[in-house]
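The values are calculated or read from the model by the stated rules, or taken from the named source; none is laboratory data. The shown structure was predicted, so the numbers you read here are calculated from the model rather than taken from an experiment. Every residue, glycine among them, receives a Cβ derived from its backbone with ideal geometry; neighbour counts consider all protein chains shown. Quick note on the areas: whole protein, heavy atoms, side chains included, nothing else; ligands and nucleic acids left out. Shrake-Rupley method; radii C 1.70, N 1.55, O 1.52, S 1.80 Å.
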Amino acid sequence: VQLQASGGGLVQAGGSLRLACAASRRSFSGDAGGWFRQAPGKEREFVAAISWNGGILYYANSVKGRFVVSRDNAKNTMYLEMNSLKPEDTAVYYCAGRGGSYYYIRQEDYDYWGQGTLVTVSS
């Protein structure tokens with residue numbers, strides 16, 4: 001599976017953005033998905049995970065209540081709705097996937113990755 005992340009950009013604090021992660025080459029519908037981010041000078045960290053059918057969602061504490069992960073398997077796409085954005089949310093956001101029906105929060109659990117999309121939140 002090849003993933004393409006999009007939707008990043010510049011937004012003011014308190015604003016919203018929706019990222020999309022489109023899969024190609026084969027169906028993503030049977031795989032678990034995740035979002036990670038890497039801020040300047042920091043290591044990449046977990047943001048959100050979703051099971052293959054969207055029935056299980058899991059979030060990092062730093063984004064819980066503000067971000068929503070979802071997927072549309074008919075469109076082979078996963079989304080990350082980001083609300084109440086803060087300057088500390090500024091990072092390159094990556095989507096990832098792997099086979100399996102559950103959800104996964106460790107980077108090493110994922111088999112394939114998108115190229116990343118930059119989100120910049122101004123204060």
Cross-chain or 6+ apart pairs with Cβ under 9 Å, segment 45-66 first and closer than 15 Å to Glu88 by Cβ, then acidic (Asp, Glu) and in a strand (DSSP E or B): Ala60/Glu45; Ser62/Glu45
Single condition Arg71 does not satisfy, out of (1) more than 15 Å from Val119 (Cα to Cα); (2) open to solvent by less than 60 Å² (accessible area, probe 1.4 Å); (3) part of a loop (DSSP other than H, G, I, E, B); (4) not small (Gly, Ala, Ser): (3)
Odd one out for Glu81, checked against (1) closer than 18 Å to Arg44 by Cα; (2) assigned to a strand (DSSP E or B); (3) open to solvent by 50 Å² or more (accessible area, probe 1.4 Å): (1)
Residue in segment 54-72 that is modelled with pLDDT under 95 and not β-branched (Val, Ile, Thr) present: yes
Identity of the residue in segment 94-119, exposed (fewer than 15 other Cβ atoms within 10 Å of the Cβ) and either in contact with a Lys or Arg (Cβ under 8 Å, 6 or more places away or on another chain) or among the polar types (S, T, N, Q) (or both), that ends up farthest from Ala20 (Cα to Cα): Ser101
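Let's see how each residue does on (1) among the β-branched types (Val, Ile, Thr); (2) out of contact with any His (no Cβ under 7 Å at 6 or more places or on another chain); (3) assigned to a loop (DSSP other than H, G, I, E, B); (4) surrounded by 14 or more Cβ atoms within 10 Å (Cβ to Cβ):
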position	(1), (2), (3), (4)
Ser29	no, yes, yes, yes
Trp35	no, yes, no, yes
Pro40	no, yes, yes, no
Phe46	no, yes, no, yes
Ala49	no, yes, no, yes
Asn53	no, yes, yes, no
Lys64	no, yes, yes, no
